[in-house]
1. Under 4 °C and 1.567 mPa s, how fast does the stretch B:529-625 diffuse according to Stokes-Einstein, given a Kirkwood radius computed over C-alpha pairs? Answer in µm²/s, whole number.
2. Once label points are set 7 Å from the Cα along Cα→Cβ at both residue B:310 and residue B:196, what is their separation, rounded to one decimal in nm?
3. Which whole-number value in Å³ per residue fits the convex hull of the alpha carbons of the stretch B:520-574?
4. Using a/c under 1.5 as the rounded threshold, could you call the stretch A:38-168 rounded, prolate or oblate? The axes a ≥ b ≥ c are square roots of the C-alpha gyration tensor eigenvalues, and prolate needs a/b larger than b/c, oblate otherwise.
5. Can you give the FRET efficiency for residue B:485 and residue B:355, using 1/(1 + (r/R0)^6), R0 = 22 Å, r = Cβ-Cβ distance, to the nearest 0.05?
6. Zone of residue B:493 (label point 7 Å along Cα→Cβ, backbone N under 20 Å): which residues in the stretch B:511-533?
7. Average partner chain C-beta neighbours within 10 Å, per residue of A:23-36?
8. Could you list the residues of the stretch B:484-524 with an amide nitrogen less than 17 Å from a label point located 7 Å from the Cα of residue B:432 in the Cα-to-C-beta direction?
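The numbers here are math on the coordinates, done by the rules we state, and not lab data. Only a predicted model underlies this, so the values are computations on that prediction, with no experimental measurement involved. Quick reminder, even Gly has a Cβ in these numbers, built from the backbone with ideal geometry, and neighbours come from all protein chains shown.
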């Protein structure tokens, strides 16, 4: 038992020196959302005064707080936790966690033609536009163009180029 | 180019080092750099199984609602390559070339949020109304075939079932539910769940179940008369509590289940009095998860459980003028520590240590009438098991991952075992993933089995190919072989050779229609006698189709389960059967109300399950004909 403990501690200490490129999962996901916001064009840009980055039920806490106040398409970014259709319509982006799949997909169903970019963690969530996936030790994302065509959102070519997969 | 990337990486690392935990401005990192950045698992690390190298199947809360699954057994029965079978007392699980009837210690372990939920006397997991959880508390059920799950617990010889429970925020309010159905069966449930403003997430659920049970008809082995037994009622009470606050989580579940069993399987003596079987099962677990540094996550847990089985037998010993009680008691407790670290580039290391103590284990039989006296009483030595494991997930190239590691268990009964696993995961193309794995897994005896023998051992090789035809269509295939040696049981058993092939197709449509079908071929042979293993059908097939009729307001779901012919304990053939179930779900048609109406065995087919050798006279257990179930759930 003692040997194992020593081993653990040694590895932790060593690890500080051998820092690998890594970030907590949701800090990384927040950074992805920030980039999606930058690389997407909303045709109708005067729906709200602020740029509303919405999270279905729960945001990322500290990890998403760092995005507050950033400027996206000349608007100040605001973080909102939403759960109703009325709240959802105020959003530019809605993120649905895998754990909220059951209730979240119902809400999204109602938003198919809206100018809202839907991002999820599960490809099975119907009508999500971008899915962030765990791809070995890194994250990757896929884009569903078929679903995007129902909206008037325009994704930049850079975003499409960086996608792991674009489903036509 | 290479120089540029290295330089970029260097600047990035310097940036990370310059800024303390979470202080980094994530918006200053370019998107290209983000794609090259490794993530540190955020969610509960002990529950991370989905990324496993085997062919994982998942059933979600949505599926449970849509198909009207009433207990865990029904959920598992819908999964590729698994089949459940019922006996007078319990439901058992078979899969991957294994299905010995009456064998409590399944070769597939059951985990609840990562906690091993098999009790420690018989090693049994419960799948019916005697299960620890009501299905309404389940968020998803993952079936991880193969020994790769051995890292999560001892004894996952052929795989693991991992249940992820809901949390308070999933319920977000109060639910009350009432159900009734055939055989005068009723269920009642109340669930409260909420995430409070201060961050505390709570879920509390209580439920009851009672049934009059169905009638059994059998031939009295002495008189040859047909006898009808209608005294087959059953009931249960269940409580589940889960609370989490910041890194701490606590969960506890308790079930008391009682079942009347017609006496004839045990004895030839005709009796109006049933055997009354009681199962009391409970556990709690306290867990703490924390990110200690940017790239180190720790998880600590402490758990304790207790199981008691009682058999009130008023018939078997009637000729000796006695009423007898058989009883077992068992307790277990333990703790574990797990570290997940991304200390080295392209490596995710998991290290863990576990201590488990199976104690308070006893079995007794005693008369309570005419005089209270033991005629058998055995107290077992407690068994302490120490385990450690280390696994590494090494990303060699962007599309190639090497997964390897081992688990080591040592018990105070003198057993030692090493369970190494190796897997290679290769993204052949954008749409095709290939997984190749091999490994050895061990299982300790349960108290009820003959102890002191070598550990049961399974050697496995498997090839899995996952292919996405398009965004909504997926195909999964698996080829596997096992060799099980030193089989544990109540007697000497032959080694087994198993081979199998599985295929699963899943497709969903934008309107919400969902289709899944699977076929599994399995062949298990007892090496010594070259005979097929009892109750292991060569063919298993499933079809699941769920269609929204009026949006999500009304949905119809249909499933067919096929179990091929198999052999009973006398090597006599038991015929195959198709079972068709249909469920209609009305969701929010009436405000905040879900109504579900299910017909099981729609075609009213006659079919039987094979039962254990313990039961004299009977070889199979006749299953229910057509039954119905209606349930109403109201949320506020």
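1. Details: Rh = 15.8 Å.
D = 82 µm²/s.
2. 3.6 nm
3. 81 Å³
4. On the way: a/c = 1.21, a/b = 1.14, b/c = 1.06.
It is rounded, given that a/c, with a ≥ b ≥ c, falls under 1.5.
5. Details: r = 28 Å, r/R0 = 1.26.
About 0.20, to the nearest 0.05.
6. Only B:522-533 pass the distance filter.
7. Numbers: counts 13, 11, 6, 4, 9, 9, 4, 2, 11, 4, 1, 5, 8, 1.
Mean partner-chain Cβ count within 10 Å for A:23-36: 6.
8. Only B:504 fall inside the zone, counting backbone N under 17 Å.
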